[in-house]
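Notes follow the structure.
The values are calculated or read from the model by the stated rules, or taken from the named source; none is laboratory data. Just so it is clear, the structure is predicted and the values come from calculations on it, not from any experiment. FYI the Cβ positions are ideal-geometry reconstructions off the backbone, even for glycines, and counts take in every protein chain you see.
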Amino acid sequence: MTATNSTPPLMPAVFHILLALSTGERHGYGIMKQVEADSQGKVSMGPGTLYGSLKRMLDAGLVQESDKRVDPEMDDERRIYYQITGIGAQALESELDRYKRIVTIAQQRKLFPKTFAYD
Amino acid sequence: MIDEQEIVHKLYRKLLVLYPPTFKEQLGESMEQAFQDLWNEKHQTKKELFGFVLWIFVETAVGIVREHVLIITEGAMMKNTLAIPRSIALISSILLAVAFIFAPAIYLFGNLRDPMGPFAYAVADFLYGPMWAASLVALVFMVRERIGERAPRRMSLALLAAALAAGAMIAVACIRSANRHYHLIHPELHLENSSTVLIMWTTLVAGMTGAGWHFLGWALLLIGSAGWTSRQLPPPLTVLYLVGGTISFFVYLLPDMEGMAGLLAIVISLWQGFLLWKSGLADKQTPE
């Protein structure tokens with residue numbers, strides 16, 4: 001899928017949520033843990049930020065509620081799972097593309113410390 | 001332990017009631033579940049339970065305020081997902097600087113017996129009370145939106161400290177204003193000669209002003225610390241935050257430092273406002 005670059009930059013919380021959902025459907029707590037894991041523990045998102053962002057992402061069509069329900073004996077069956085939509089995947093791709101271009105510029109200008117060198 | 005858990009959960013449920021009805025209806029139950037999951041996780045590890053509860057409550061309270069503000073200010077929710085109007089940050093920083101410059105000048109050089117004296121003092125109260133408070137909270141809110149993801153606890157606490165500073169300064173403005181008006185409408189009481197009134201007034205105003213500066217100090221120190229570790233702020237500005245915060249922190253003990261703290265706060269405010277405004281422009285102009 002080719003990312004359209006017309007998508008404006010995403011807020012950091014929205015970006016992290018989309019990244020967390022890119023590997024599969026997750027419920028709220030699952031998203032929090034995935035964000036924490038993706039950022040090596042540097043970003044910890046609380047319920048206020050997570051659900052505030054999710055509300056706007058649902059309204060914008062970046063994510064949607066999934067039909068997935070768990071076994072009531074294993075977990076709370078009322079738990080809601082979220083999944084990334086096509087628009088969400090496209091927004092994430094655009095954002096990653098933007099990051100990629102920035103990293104390329106930084107590499108060309110030799111801005112990375114030697115320990116970070118990819119060459 | 002069960003009682004403690006029940007109390008905390010009940011309080012959190014009550015906090016969620018403060019969300020806008022549509023939000024609560026759609027996501028309230030999920031938020032409760034997420035809180036339950038986080039509680040279970042922390043409870044198992046048995047570490048920093050108090051800090052965790054404080055962070056969750058402050059973070060959720062900030063979320064509640066944000067949802068209400070968004071409903072008031074924005075019709076289109078998508079707009080907020082992608083960008084925040086940074087011009088508000090620049091305006092807030094300028095208003096804060098104006099309040100820091102003009103209100104103390106009026107208090108220092110104004111004369112209540114001049115024909116325009118009472119009006120000038122009323123303007124000073126407005127500048128140093130509601131306007132100072134609203135600008136400070138708006139600016140800290142914007143900074144939190146910008147770097148909060150990288151230091152969520154510190155930035156939420158900074159916003160809380162800014163709100164407490166704002167409350168203290170509004171209280172000072174109310175006390176000053178009420179006291180002056182009472183003097184003006186009851187000249188026959190000669191309250192200016194009453195040592196009891198004078199002591200009460202000076203103690204209250206000095207105490208509340210000291211508290212306002214103290215909380216402002218907390219807010220500046222927390223932002224400085226978050227800016228330092230997240231590297232989202234220029235190092236000189238971070239140092240200014242830390243120095244300004246430390247001075248503001250001790251104004252209640254050393255009132256003579258108020259001028260220096262005010263000067264640093266003006267510089268920090270204008271610099272931060274300009275940076276936020278500039279970053280907003282950069283976001284808009286990202287190459288396609």
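Against the criterion of being modelled with pLDDT of 90 or more and either assigned to a loop (DSSP other than H, G, I, E, B) or more than 7 Å from every other protein chain (Cβ to nearest Cβ) (or both), A:Val35 qualifies. Just the residues that are within 7 Å of chain B (Cβ to nearest Cβ) and buried (at least 21 other Cβ atoms within 10 Å of the Cβ), please, taken from the range A:17-31. Passing the criteria: only A:Gly28.
Restricting attention to the range A:66-88, report how many residues are within 13 Å of another protein chain (Cβ to nearest Cβ) and modelled with pLDDT of 90 or more.
Initially, the range A:66-88 is screened for residues within 13 Å of another protein chain (Cβ to nearest Cβ), giving A:66, A:70, A:75-82, A:87-88.
From what's left, modelled with pLDDT of 90 or more: A:81-82, A:87-88.
So the answer is 4.
Only one of the listed residues (B:Ala226, B:Ala219, B:Ala211) is within 14 Å of chain A (Cβ to nearest Cβ), closer than 30 Å to B:Arg146 by Cα, surrounded by 16 or more Cβ atoms within 10 Å (Cβ to Cβ) and in contact with a helix residue (DSSP H, G or I) (Cβ under 6 Å, 6 or more places away or on another chain). That residue is B:Ala226.
Can you tell me which residues in the range B:92-122 are of a type outside the set (A, V, I, L, M), free of Cβ contacts under 8 Å to residues at least 40 places away in the same chain and either within 25 Å of B:Val143 (Cα to Cα) or in contact with a Ser or Thr (Cβ under 6 Å, 6 or more places away or on another chain) (or both)? Write out each step before concluding.
We begin by selecting, within the range B:92-122, every residue of a type outside the set (A, V, I, L, M); these are B:92-93, B:100, B:102, B:104, B:107, B:109-111, B:113-115, B:117-119, B:121.
Now restrict to residues that are free of Cβ contacts under 8 Å to residues at least 40 places away in the same chain: B:102, B:107, B:109-111, B:113-115, B:117, B:119.
Of everything in the range B:92-122, just one residue is of a type outside the set (A, V, I, L, M), free of Cβ contacts under 8 Å to residues at least 40 places away in the same chain and either within 25 Å of B:Val143 (Cα to Cα) or in contact with a Ser or Thr (Cβ under 6 Å, 6 or more places away or on another chain) (or both), namely B:Phe102.
Residue pairs whose Cβ atoms lie under 9 Å apart, separated by 6 or more positions or on different chains, with the first residue in the range B:224-246 and assigned by TED's automatic domain parsing to the domain that holds B:Glu145 and over 17 Å from B:His214 (Cβ atoms) and the second among the acidic types (Asp, Glu) and buried (at least 16 other Cβ atoms within 10 Å of the Cβ), are B:Ser230/B:Glu149.
Of the residues making up the range B:252-288, those that are at pLDDT 90 or above, β-branched (Val, Ile, Thr) and over 18 Å from B:Ala138 (Cβ atoms) number 1.
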